[in-house]
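Colleague: Take this structure, written in structure tokens, and hold onto it; I'll ask about it next.
The values are calculated or read from the model by the stated rules, or taken from the named source; none is laboratory data. Note that the coordinates shown come from a computational prediction; the quantities given were computed from them, not determined experimentally. Cβ placement follows ideal geometry from the backbone for every residue including glycine, while neighbour counts extend to all protein chains displayed. Calculation scope for accessible area: heavy atoms of the full protein, side chains included, ligands and nucleic acids excluded. Shrake-Rupley method; radii C 1.70, N 1.55, O 1.52, S 1.80 Å.
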Amino acid sequence: MEALLTEHGRTFADEAGIRLRDTPQPLYQLLVLSHLLSARIRASVAVAAAHALFKQGLRTPRHMLEATWQQRVDALGEGGYRRYDEKTATQLAEGAELLLDAYGGDLRRLRRSADGDLDALRDGLRRTPGIGPAGADIFLREAQDVWPETAPYFDKKALQGAEQLGLPASPAKLAELAKQARPTGRHDPAVLAAALVRAALDKNVVADVQAHA
């Protein structure tokens, strides 16, 4: 556990340059990143595409909606997200419009309406075009440090990584092990979940952790 957190303990939001807080803009950026990560494409490409979108100023639902379809396609292409760029460019605009209409562009309103009900949160997220079960899981996995009522949140992909590393499949046990491994360092559930997902996605991560253990 200590080797996993030391070598690979970084959220995907952090990697994408998102300073995650419980405020509208970073939460929207996380939603965009979750959309991109949920496609059958390398995580590094999804992160690069998110970087490119944000670099073009598409950091809020209003700016995403006001951008032209071609601007969104070009930004996705710049990040290497070419296989799904045209469909995704359309879905990003549709999702931004829905978020503005339903929640005034503020995902905290969805959180308040769910009132601690995890299924309601998932269902609300899945109303967004392009956000399916995997996208909702990614969002909640990454957001759990700022939406603590969802923690510890370890989805199937994170638990798959735990299994490959010989770690428990219980979210509560995983969170406790992380605290024991790094009592004074960062062991946030979102950081651990992201590290476990990396282990599930890349056998080299598993080998690296075992080598450092």
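Colleague: For segment 41-163, what does the alpha-carbon gyration tensor say about shape, rounded, prolate or oblate, given a ≥ b ≥ c as the root eigenvalues, a/c under 1.5 as rounded, and a/b over b/c as prolate?
Modeller: oblate
Colleague: In the full protein assembly as shown, how much of His8 is accessible to a 1.4 Å probe, in Å² to the nearest 10?
Modeller: The accessible area comes out at roughly 40 Å².
Colleague: Rounded, prolate or oblate: pick one for segment 1-87, where a ≥ b ≥ c are the square roots of the eigenvalues of its C-alpha gyration tensor, a/c under 1.5 means rounded, and failing that, prolate if a/b is larger than b/c, else oblate.
Modeller: oblate
Colleague: Something else about it: Given 10 Å bins starting at zero, what is the percent of C-alpha pairs of the chain in each, up to the one with the largest pair distance?
Modeller: Bin by bin from 0 Å, the calculated values are 9, 36, 34, 17, 4, 0.
Colleague: Calculate how steeply helix 43-55 sits against the longest principal axis of the alpha-carbon atoms of the chain, using the helix alpha-carbon long axis, and give the answer as 0 to 90 degrees to the nearest 10.
Modeller: The helix 43-55 is inclined about 40 degrees to the chain.
Colleague: Given Gly95, Ala162, Ala3, which one lies farthest toward the positive end of the charge dipole of the chain, if we put +1 on the Cβ of every Lys and Arg and -1 on the Cβ of every Asp and Glu?
Modeller: Result: Ala3.
Colleague: Here's a follow-up. Just to confirm the filter: which GluC sites (Glu not before Pro) across segment 35-108 are DSSP coil and have at most 12 other Cβ within 10 angstrom of their Cβ?
Modeller: Listed in order of number, the matching sites amount to none.
Colleague: Nearest 10 degrees is fine. How inclined is helix 133-143 to the longest principal axis of the chain, computing both from alpha carbons?
Modeller: Its long axis makes an angle of about 70 degrees.
Colleague: In addition: When the Cα centres of segment 70-121 and segment 164-213 are compared, how far apart do they sit, in Å?
Modeller: When both Cα centres are located, 29 Å separates them.
Colleague: How large is the accessible surface of Asp115 in square angstrom, using a 1.4 angstrom probe and rounding to the nearest 10?
Modeller: 130 Å²
Colleague: What do you get for the angle between helix 85-103 and the principal long axis of the chain? Use alpha-carbon atoms, 0 to 90 degrees, nearest ten.
Modeller: With both axes taken from Cα atoms, the answer is about 90 degrees.
Colleague: While we're looking at this one, here's another question. Comparing Ala194, Ala114, Ala96, which has the greatest mean-square fluctuation in the GNM of the chain with Cα pairs linked when under 10 Å apart?
Modeller: Among Ala194, Ala114, Ala96, the largest GNM mean-square fluctuation belongs to Ala114.
Colleague: Continuing with the same structure: Apply the Karplus curve 6.51 cos²θ - 1.76 cosθ + 1.60, θ = phi - 60°, to the phi angles in segment 195-203 and return the couplings in whole Hz, x for Gly and Pro.
Modeller: 5, 5, 5, 4, 5, 5, 8, 9, 4
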